[in-house]
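Below: the structure, in structure tokens.
Quick note: the coordinates plus some simple rules give every number you see, no bench work behind them. Quick caveat, the model's predicted, so the values are computed rather than measured. Glycine gets a Cβ as well: all are built from the backbone with ideal geometry, and neighbour counts include every protein chain shown.
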Ligand code: PLP
């Protein structure tokens, strides 16, 4: 029969408690699963019932043996915080199984309010928007809206016959390439604009590329500026890029999947000047806003742009003219109630707390960068604008041509050691250790552990 609800509640609360307790523990984050457990994962479809508790124990063992990006010492890629309020709202939304694609009623209103709160938090003049599964889908959503504006009728006719072009910097995330592919523009439509020494898009190079393409008969669809590149956290010069876009009348999308929350801070807010001039922006609440995956937001300046890109009719679901159905504004059909997480968390904690949390992660990166600068055996490879620090171990006497291999081995050794988790990255030709602070629970002591662990292991490697 169906599962006994009291039993489910009991095991849920017990397992949540142990998962959260383990979060304070700097346990290994590298997967290390029991071989017998993995063997059981190969078993075929069970025809008969199994015990709930025993099955759940297996599930938890798998979870424990998988990398969890919400741990305070997970400093690789772009992590998260997995706030408890977010977990609570996810569980509630899952229980109600609210679907924002269809007559969601009040849930749709709450969704819209959460979108407005996010926009207000970062200072984006909001027309409309919605929650998506992630930065990839948010960026695609923006590009589809931009395509329909630049080439009206492209939904019907495709883009054949037009030489559509899209612009982003050499440092833009790969999701932009995939969005260009998925929008049917073809990868050749993408112009990768050169960057300055801070790895920010050069606005003069953008203007040149646009002028060249216009003279060649191309139709520019969108410029994608990145506000917080994934590799180093560089924020493109948004004001200068907005000047070019205004002059050329081209849609400006800002990919702030990682970095946009910093627009709300005093320490880094100045980098985002010009944000209010964009047509659209992506912000991933599951990165630097504390939510767990998957929870991104696409913000649109002009009301109606989404309906122009996604509005449609179907006979099994009537769409009313003035109260647009949510599916008329989204690429996704069935959509879970993701916004409940952010709405509940922002209301419970308040915007000031979120701002303070983000400021604390910026302070963490400033602290690590200062320690690297002061350390004779480490080299800072990039001055951090946001919360990402790229540095390498430079032991005395190690020949320069061995630095890359050394730092790659060091990154692996750090992962195996398990006290902290970071991943190697490549800055031009230099392999570095890359650390990204987005977790609100990472403390200054955790920050200090980075160089302690790296120099301890680095010096042993070198023996
Ligand atoms: N854009 C940027 C700048 C990112 O850093 C990322 C992911 O790290 C993405 C887009 C893709 O986001 P998601 O993984 O949520 O689809």
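Here is how the number arises for the chain: DSSP H runs of 4 or more residues each give -39500 (n - 2.57), the sum is divided by the residue count, and the result at 222 nm is -13500 deg cm²/dmol. Only Cα pairs under 8 Å and 6+ residues apart enter the sum, and on that basis the relative contact order of region 88-348 stands at 30 percent. Distance between the 7 Å Cα→Cβ label points at residue 65 and residue 6: 3.4 nm. Look at the Cα gyration tensor of the chain: its axes a ≥ b ≥ c give a/c of at least 1.5 with a/b at or below b/c, and that counts as oblate. Relative contact order for the chain: 21 percent, from Cα pairs under 8 Å spaced at least 6 residues apart, divided by residue count. Between residue 155 and residue 270, the modelled label-to-label distance comes to 4.3 nm, taking each label 7 Å out from Cα in the direction of the beta carbon.
On the beta carbon distance between residue 243 and residue 303, with R0 = 35 Å, the FRET formula returns roughly 0.90. With 0.36 nm allotted per residue and the present C-alpha distance subtracted, the residue 426-residue 443 stretch has 3.5 nm of extension available. Placing dummy labels 7 Å off each Cα toward the beta-carbon, the span from residue 99 to residue 412 is 4.8 nm. Scaling against 2.2 N^0.38 Å puts the C-alpha radius of gyration of region 304-463 at 1.54.
Once the C-beta distance of residue 198 and residue 460 is scaled by a Förster radius of 45 Å, the resulting FRET efficiency is 0.85 to the nearest 0.05. Taking the Kirkwood radius as the inverse of the mean 1/r across Cα pairs, report the Rg/Rh of region 88-348. Result for region 88-348 is an Rg/Rh of 0.97. Extension gain, residue 92 to residue 109: 0.36 nm times the residue separation minus the Cα-Cα distance gives 4.4 nm.
When the label point is put 7 Å from the Cα of residue 20 along its Cα-to-beta-carbon vector, which residues of region 325-352 have a backbone N closer than 19 Å? Residues passing the 19 Å test: 340-350. Taking packing as the residue-averaged number of other Cβ atoms within 10 angstrom, the listed peptides 219-228, 148-157, 171-180 run from highest to lowest as 219-228, 171-180, 148-157. Please give the FRET efficiency for residue 363 paired with residue 40, using the beta carbon to beta carbon distance and R0 = 45 Å, rounded to the nearest 0.05. According to the calculation, E is roughly 0.50.
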